[in-house]
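Colleague: Mind looking over this structure? Questions follow.
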Amino acid sequence: MTIAPSRPEPGKAAAASLPGYDRADWASAFRNVGTELTSVPLAASSGSIPPELNGSLYRNGPGRLERGGHWVHHPFDGDGMITAVRFEGGEALLSNRFVRTEGWLAEEKAGKVLYRGVFGSQKPGGPLANAFDLRLKNIANTHVVRLGEKLLALWEASSPHSLDPTSLETEGVELLGGALAEGEAFSAHPRFDPGHHGQERMVTFGVKAGPRSTIRLMEFDASPGATAGQLVADQKRSFNGFAFLHDFAITANWAVFLQNAMSFNPLGFVLGWKGAAQCLDSKPGESGQFWLIPRSGEGEPLQVSAPEGFVFHHLNAFEDPSAGAAGQVVVDSIFYDDFPSIGPGVDFRAVDFDTLPVGQLKRCRIDLASGEVSTELLEESCCEFAMVNPRRVGLEARYAWMAVTEQERGNAPLQAIEKLDLSSGERCVWSAAPRGFVSEPVMVPRPRQGTEADQPAEDDGWILCVVWNGARCASDLVILNAADLSEQAVLPMPLALPHGLHGSWAAAAA
């Protein structure tokens, strides 16, 4: 595990290099999680846990990829499993639990696969066994967030599940006090507003997609206290075209969506030889649309053309009132040249990275008066899972942290964590190569203390990252100093966690 002070500037040539990883190491992470642990102490193999870390890291991701010898076609179809590491006084305790969804319980009882998956996983028996079975199992595998006393496991096509934040036991489908209808789409990418409107809020959305798509934009009180989880703002807006929306961004006044230029032909899904996501196709030569919805609910949304490409994830957005007659909205997103997917008949464990599009961080400036959009490349290396300091969500941030490939050009497994200065372009990189593979970094700001003048700097805190350690076929939790990515501690985990999706930090109550 090494630290590099910089990378080439975007646009500068880099020498071609051979892959710095062994595919077998990367693929060895794809397995079932075979145990559920409760409050197991973690000891550092190097360094020590910062005593100021006081709270819980929650991670979600597919924990079961095979049942009865039948593998999922894509890991995104695996059943959700929550991992929690609770920090207090320089010590850490590990727990993990599968989310007991209705589908998980039914398949556990039957001992076989009963449902198809969105990303192409089929029931045994071929197309005849899958045709016209349009049921989708809520797998609760994409994200996990704390909202007041509730811990929510999220999967964007249906309802969240509520878990006990300490024991991780599943409490059931969560409709948030009646705010949601059962089975209603509920994004796996909420944004936590740090207080733009006088209170902390969880801002999220749901989509009904079709020839004309409807977005439901919801805001929940996320402040500490009895009202946490209460719906405080709710609106619906409709737009022409099919909406494939996995993520969005917020500013103080806008919710920003990028409608990718996609079409959806469900015939293959209905006839049983494709998953629903495999029925999505990009529209070559067509650009998407930015949809800017006023969070106040007043006025009409703005629609402007987006650059060509496909976006899963956004880093952040902010408003620049000094630019243009009406100001600008600035959105930082990870763009791919095309929709990355795994077609029928392809083993995801043997995917050819050279055939996959590269994700690159780009900045789009949207002029609110003219609707013109300018684009700037911020990171040329393949990257994913980018975040800013949570206190800068919706505001201009100087620093971003993200997972990147070890090689500087082309696609490859994510093996390093990068800190990017969004102002100067300066980079520093912590690498787990050659046998380590990183997941999404979670930035934890140093706790606030004293007066406003004493508050910590934007990059003062820690990066928490689960790393697949190919050398021992198990996972490590790595703690880095957010400012310079120096290694603070490595905590070997007595778990083998498949490559995961999203996670969050919940600070302990003061």
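The values are calculated or read from the model by the stated rules, or taken from the named source; none is laboratory data. Fair warning: this is a prediction, and the values are worked out from it, not measured in the lab. Quick reminder, even Gly has a Cβ in these numbers, built from the backbone with ideal geometry, and neighbours come from all protein chains shown.
Conditions tested, residue by residue: (1) under 28 Å from Ala433 (Cβ atoms); (2) over 23 Å from the mean Cα position of the chain (by Cα); (3) part of a loop (DSSP other than H, G, I, E, B).
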residue	(1), (2), (3)
Arg31	yes, no, yes
Pro50	yes, yes, yes
Asn60	yes, no, no
Gly80	no, no, no
Thr83	yes, no, no
Arg97	no, no, no
Glu108	no, yes, no
Gly120	no, no, yes
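Colleague: One residue is enough: does segment 352-370 have a residue meeting the conditions among the small types (Gly, Ala, Ser) and not in a loop (DSSP other than H, G, I, E, B)? Step through it out loud before you land on a result.
Modeller: Restricting attention to segment 352-370, the residues satisfying the condition of being among the small types (Gly, Ala, Ser) are 359, 369-370.
Add one more test, that the residue is not in a loop (DSSP other than H, G, I, E, B), and what stays is none.
The answer is no, given that none of the residues of segment 352-370 is among the small types (Gly, Ala, Ser) and not in a loop (DSSP other than H, G, I, E, B).
Colleague: Just wondering, is there one or more residues in segment 294-312 that are more than 24 Å from Leu422 (Cα to Cα), among the acidic types (Asp, Glu) and either within 21 Å of the chain's Cα centre (by Cα) or surrounded by fewer than 16 Cβ atoms within 10 Å (Cβ to Cβ) (or both)?
Modeller: Among the residues of segment 294-312, at least one is more than 24 Å from Leu422 (Cα to Cα), among the acidic types (Asp, Glu) and either within 21 Å of the chain's Cα centre (by Cα) or surrounded by fewer than 16 Cβ atoms within 10 Å (Cβ to Cβ) (or both), which makes the answer yes.
Colleague: I'm told Arg349 meets every condition in (1) assigned to a strand (DSSP E or B); (2) touching a residue at least 40 places away in the same chain (Cβ under 8 Å) except one. Can you identify the failing condition by its number?
Modeller: Arg349 satisfies all of (1) assigned to a strand (DSSP E or B); (2) touching a residue at least 40 places away in the same chain (Cβ under 8 Å) except (1).
Colleague: Considering only segment 138-150, how many residues are among the charged types (D, E, K, R) and at pLDDT below 95? Give the steps one after another, and end with the answer.
Modeller: Narrowing segment 138-150 to residues among the charged types (D, E, K, R): 146, 149-150.
Still in the list and also at pLDDT below 95: 149-150.
Count: 2.
Colleague: Return yes or no: is Ser439 crowded, with 24+ Cβ neighbours inside 10 Å and closer than 30 Å to Ala496 by Cβ?
Modeller: On the way: crowded, with 24+ Cβ neighbours inside 10 Å: yes; closer than 30 Å to Ala496 by Cβ: yes.
So Ser439 fits the description; yes.
Colleague: Quick one: what pairs do we get from segment 356-370, first residue at pLDDT 95 or above and surrounded by fewer than 18 Cβ atoms within 10 Å (Cβ to Cβ), second of a type in the set (Gly, Ala, Ser) and assigned to a loop (DSSP other than H, G, I, E, B), C-beta under 8 Å, 6+ apart or different chains?
Modeller: So the pair list comes out as Arg365/Ala323.
Colleague: Looking at segment 156-177, is at least one residue in contact with a Gly (Cβ under 8 Å, 6 or more places away or on another chain), aliphatic (A, V, I, L, M) and surrounded by fewer than 21 Cβ atoms within 10 Å (Cβ to Cβ)?
Modeller: Yes - at least one qualifying residue is present in segment 156-177.
Colleague: Only one of these is in contact with a helix residue (DSSP H, G or I) (Cβ under 8 Å, 6 or more places away or on another chain) and among the polar types (S, T, N, Q): Ser341, Ser296, Ser305. Name it.
Modeller: Values: Ser296 fails: in contact with a helix residue (DSSP H, G or I) (Cβ under 8 Å, 6 or more places away or on another chain); Ser305 fails: in contact with a helix residue (DSSP H, G or I) (Cβ under 8 Å, 6 or more places away or on another chain).
Residue meeting the stated conditions: Ser341.
Colleague: If you scan segment 77-103, which residues turn out to be under 19 Å from Asn138 (Cβ atoms) and either in contact with a Gly (Cβ under 8 Å, 6 or more places away or on another chain) or not hydrophobic (A, V, I, L, M, F, W, C) (or both)? Don't jump to the end; show me each part of the working.
Modeller: Here is the first cut: in segment 77-103, the residues under 19 Å from Asn138 (Cβ atoms) are 77-82, 97-103.
Within segment 77-103, Asp77, Gly78, Asp79, Gly80, Met81, Arg97, Phe98, Val99, Arg100, Thr101, Glu102, Gly103 qualify.
Colleague: If you don't mind, there's one more thing I want to ask. Does any residue in segment 391-403 that is β-branched (Val, Ile, Thr) come within less than 6 Å, Cβ to Cβ, of a residue that is at pLDDT 95 or above and outside any strand (DSSP E or B) six or more places away or on a different chain, and which pairs are these?
Modeller: Hits for this filter: Val393/Pro194.
Colleague: Oh, and also: Are there any pairs with C-beta distances below 6 angstrom linking a residue in segment 153-179 that is at positive phi and at pLDDT 95 or above to a residue that is charged (D, E, K, R) and not in a loop (DSSP other than H, G, I, E, B), with the two at least 6 apart or on different chains, and if so which?
Modeller: Filtered contacts from segment 153-179: Leu168/Arg97.
Colleague: Now, a different point. Restricting attention to segment 224-242, which residues are part of a strand (DSSP E or B) and either surrounded by fewer than 15 Cβ atoms within 10 Å (Cβ to Cβ) or of a type outside the set (Gly, Ala, Ser) (or both)?
Modeller: Residues of segment 224-242 part of a strand (DSSP E or B): 231-241.
Of everything in segment 224-242, those that are part of a strand (DSSP E or B) and either surrounded by fewer than 15 Cβ atoms within 10 Å (Cβ to Cβ) or of a type outside the set (Gly, Ala, Ser) (or both) turn out to be Leu231, Val232, Asp234, Gln235, Lys236, Arg237, Ser238, Phe239, Asn240.
Colleague: Tell me which of these Gln488 doesn't satisfy, since it passes every other one: (1) over 19 Å from the mean Cα position of the chain (by Cα); (2) part of a loop (DSSP other than H, G, I, E, B); (3) more than 19 Å from Ser39 (Cα to Cα).
Modeller: It is condition (2) that Gln488 fails.
Colleague: Show the residue pairs meeting these rules: Cβ distance below 7 Å; 6+ apart or different chains; first residue within segment 457-469 and modelled with pLDDT of 95 or more; second residue hydroxyl-bearing (Ser, Thr, Tyr) and assigned to a loop (DSSP other than H, G, I, E, B).
Modeller: If the second residue must be hydroxyl-bearing (Ser, Thr, Tyr) and assigned to a loop (DSSP other than H, G, I, E, B), the pairs left are Cys465/Ser439; Val466/Ser439.
Colleague: When you look at Asp421, is it under 23 Å from the mean Cα position of the chain (by Cα), surrounded by fewer than 15 Cβ atoms within 10 Å (Cβ to Cβ) and not β-branched (Val, Ile, Thr), yes or no? Quick ask: steps written out before the conclusion?
Modeller: Numbers: under 23 Å from the mean Cα position of the chain (by Cα): yes; surrounded by fewer than 15 Cβ atoms within 10 Å (Cβ to Cβ): yes; not β-branched (Val, Ile, Thr): yes.
Spelling it out, Asp421 is indeed under 23 Å from the mean Cα position of the chain (by Cα), surrounded by fewer than 15 Cβ atoms within 10 Å (Cβ to Cβ) and not β-branched (Val, Ile, Thr).
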